[in-house]
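The values are calculated or read from the model by the stated rules, or taken from the named source; none is laboratory data. Quick caveat: nothing in here was measured; it's all calculated off a predicted structure. Every residue, glycine among them, receives a Cβ derived from its backbone with ideal geometry; neighbour counts consider all protein chains shown.
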Amino acid sequence: MDTLAAEDEKTARPRKGDRLVFAYGERAGQVIGPEDLPLGGPQQLAFPMDPATKIIRDGSLLNQVALVRLDPAQLSPDTRADAAGGVVAYSAVCTHEGCPISMWHKESKMLFCACHASRFDPADRARVVDGPAPRRLAMLPLGPIGGGIVAAGGFTGRVGRQTA
Ligand code: FES
C-alpha cells in the first residue's frame with residue numbers, strides 16, 4: 001500500500017471487521033477485549049483498526065469510539081441488537097459542539113460531555129438525557145466477540161456535529 005492509500009485508510013470511517021484498539025495510554029494501539037472493560041462503565045476510548053493492514057484509523061478524531069460494557073439485561077432491545085456480550089460502542093464525539101465524550105457520570109452511569117454537560121444513556125443507543133446535545137451519539141454496531149471487539153458495520157448515524 002502506498003503512503004497516500006495508507007493515509008486514506010487512517011481517516012476512513014470504521015467498517016465491518018475492524019478491531020477496536022486503545023486510543024491512548026500505555027496500551028495505545030493494542031486490541032481491546034471485553035475483559036479490559038469494567039462492567040458498568042466507565043467508557044474506554046478506542047480507535048478502529050483494519051485487521052489486515054493493522055492500520056489504526058486515528059487520522060480523524062471523528063473515528064474516536066467510546067466502548068462501554070454493561071449487563072446485557074439492562075440494554076434496550078434495539079441497543080442489544082448492536083451490542084456484543086453487553087459491550088456497546090458509540091461515537092465519542094459530542095453532537096453539540098464536537099467535544100470528546102471522555103467523561104463518565106458515575107451516579108447515573110452515563111456518558112458525559114464536560115463541555116456543556118450533555119449526558120447520553122449507553123443502555124439506550126446513547127439517547128440524550130440531559131444538556132444541549134441535539135441528538136444521540138452514533139452507534140457502532142459490534143459483532144460476536146472472539147479475541148477482540150469487532151465492528152459489524154459502520155456508524156449508524158451522523159457523527160459529531162456534522163449537519164450534512
Ligand atoms: S460539546 Fe458536548 S455538550 Fe456542548
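Kindly indicate whether A126 is within 15 Å of P14 (Cα to Cα), modelled with pLDDT of 95 or more and crowded, with 19+ Cβ neighbours inside 10 Å. Even if it seems obvious, please write down each step before you answer.
On the way: within 15 Å of P14 (Cα to Cα): no; modelled with pLDDT of 95 or more: yes; crowded, with 19+ Cβ neighbours inside 10 Å: yes.
Answer is no for this residue.
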(message) When you check A117 against the structure, is it without any contact (Cβ under 8 Å) to a residue 40 or more places away in the chain and either among the basic types (K, R) or more than 16 Å from Q43 (Cβ to Cβ) (or both), yes or no?
(response) yes
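Residues are listed down the side, and each one gets a yes or a no for (1) crowded, with 17+ Cβ neighbours inside 10 Å; (2) within 16 Å of the ligand (Cβ to nearest atom); (3) modelled with pLDDT under 95:
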site: D71; (1), (2), (3): no, no, no
site: D82; (1), (2), (3): yes, no, no
site: G85; (1), (2), (3): no, no, yes
site: P100; (1), (2), (3): yes, yes, no
site: F120; (1), (2), (3): yes, yes, no
site: A164; (1), (2), (3): no, no, yes
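Within the stretch 52-69, which residues are β-branched (V, I, T) and either surrounded by fewer than 20 Cβ atoms within 10 Å (Cβ to Cβ) or touching a Phe, Trp or Tyr at 6+ places or on another chain (Cβ under 6 Å) (or both)? Full working, then the answer.
First, the residues of the stretch 52-69 that are β-branched (V, I, T): 53, 55-56, 65, 68.
Scanning the stretch 52-69 gives T53, I56.
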(request) Hey, could you check the stretch 130-145 for residues that are away from the ligand (no atom under 12 Å from the Cβ) and under 17 Å from A66 (Cα atoms) and say which is modelled with the lowest pLDDT? (result) I145
(message) Looking at the stretch 102-118 only, could you name the residues that are in a loop (DSSP other than H, G, I, E, B), out of contact with any Asp or Glu (no Cβ under 8 Å at 6 or more places or on another chain) and within 10 Å of the ligand (Cβ to nearest atom)?
(response) A114
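Within the stretch 82-101, is there a residue that is part of a strand (DSSP E or B), within 18 Å of P38 (Cα to Cα) and free of Cβ contacts under 8 Å to residues at least 60 places away in the same chain?
We begin by selecting, within the stretch 82-101, every residue part of a strand (DSSP E or B); these are 84, 87-91, 93, 100.
Going one step further and asking which of them are within 18 Å of P38 (Cα to Cα), we end up with 84, 87-90.
Filter once more, keeping what is free of Cβ contacts under 8 Å to residues at least 60 places away in the same chain: 88, 90.
Yes: the stretch 82-101 contains one or more residues that are part of a strand (DSSP E or B), within 18 Å of P38 (Cα to Cα) and free of Cβ contacts under 8 Å to residues at least 60 places away in the same chain.
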